[in-house]
Amino acid sequence: MARYLALRLAILAGTLFAASVVIFLALEVIPGDAAAFMLGLNAQPDTVAALRAELGLDQPALWRYLGWIGGALQGDFGLSYTYKVPVAELIGDRLWVSLPLTLYALALSTAIALPVGILAAARRGGPADITVMGATQLGIAVPNFWFAMMLVALFAISLRWFSAGGFPGWADPLAALKALTLPAVALALPQASILARVMRSALIECLGEDYIRTARAKGLTRGQALRRHALRNALIPVLTILGMQFSFLIAGAIIIENVFFLPGLGRLVFQGITQRDLMVVKNVALLLVFAVTLVTFLVDLAYAAADPRLRTRR
């Protein structure tokens, strides 16, 4: 297990290094000058040059990359070009919106998908299965931002049960959760549709295995065999999708946060791009990559816990 863990940690570190290089190079080739953008069209060349020197933009690309990564490893993400405050402070403030929103959406997606997928597999070919397959197909086809607008139209404008946007902060946790509910539902529904289909397919495949026929021959009903034997073996592909969904939810939150005017990381990235605040953009992008790779790492560990045979295959 120690060798397996060391290998996964090495892959995690390599992925983060490669991602940091790609992020830095991608932002380097974006046309435009951050200093000129900040000073406006009528800025004098010597003023632009002075600001470039102040921001460190006149240094060679390699030194800027090493300075950025060296600072990031120490928790120093530099100063925002636009807000003139530490980027770590901006990220910390927005993280308290984006992380609860992502976890809320992931919990809703799992809570909806697993029972629905199990029901469809247990009633394969019946009305319940047909209904689930139709509903999940619709959930996959419709974009989450369209769900978001429909939820706002119904629950915020027509019924007035929720606000159409904004975030009151965590001083009142119930009000904060209420403000995150519609965005979380909009994020969760498409992912729940995918997860329910994966759960159904994995269970149906497991129900055709020899050990299930043996369990049925010993007197277990189909439902008992599904719960006691098939469900655990079907969890490995489900864990794969759950890990991937965390990535999709983070990416989808960029759009949803702008629909609901939530002050999260997604909105911060959008503002950083429009204002060419590259210090904010590249640090938030690196943080999101780290979160995704960390979740993938944890999913790999969950694989090994669910099926110890995987530890010896890598």
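Using +1 on the beta carbon of Lys and Arg, -1 on that of Asp and Glu, and nothing else charged, what's the dipole of the stretch 37-148 about the Cα centre, debye to 20? Kindly include the intermediate steps, with their values, before the conclusion.
On the way: 6 positive and 7 negative charges, 98 e Å.
The dipole of the stretch 37-148 has a size of about 460 debye.
What order, most packed first, do the peptides 187-193, 101-107 have when packing is the mean number of other Cβ atoms within 10 Å of each residue? Kindly include the intermediate steps, with their values, before the conclusion.
Working: 187-193: 26.3, 101-107: 21.0.
Ranking, from highest mean packing down: 187-193, 101-107.
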Subject >> Rounded tilt (10° steps) of 45-55 against the dominant C-alpha axis of the chain >> reply: 50
Original post:
Lys84: which lysines have alpha carbons under 23 Å from its alpha carbon, excluding same-chain residues fewer than 8 sequence positions away?
Top reply: Lys282
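Charges only on Cβ, +1 for Lys and Arg, -1 for Asp and Glu: so what's the dipole of the chain about the Cα centre, in debye to the nearest 20? Spell out each step's value before the answer.
Values: 26 positive and 17 negative charges, 373 e Å.
The dipole of the chain has a size of about 1800 debye.
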Original post:
Lys/Arg Cβ at +1, Asp/Glu Cβ at -1, dipole of the chain taken about the Cα centre: which of Tyr104, Ala285, Ala196 is farthest positive-ward?
Top reply: Ala196
Subject >> Calculated P(r) tail over 27 Å for the chain, as whole % of Cα pairs >> reply: 56
Subject >> Computed magnitude of the charge dipole of the stretch 86-199 (debye, nearest 20; Cβ of K, R +1, Cβ of D, E -1) >> reply: 360
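With a cut-off of 8 Å between alpha carbons and a minimum separation of six or more residues, what is the relative contact order of the chain in percent? It would help to have the intermediate numbers written out before the result.
Values: 325 pairs, mean separation 83.3, N = 314.
With pairs under 8 Å counted, the relative contact order is 27 percent.
Coordinate-derived values only; no laboratory data. Predicted, not measured: the structure shown is a model, and the values here were computed from it. Note that each Cβ is placed from the backbone with ideal geometry, even for glycine, and that neighbours are counted across all protein chains shown.
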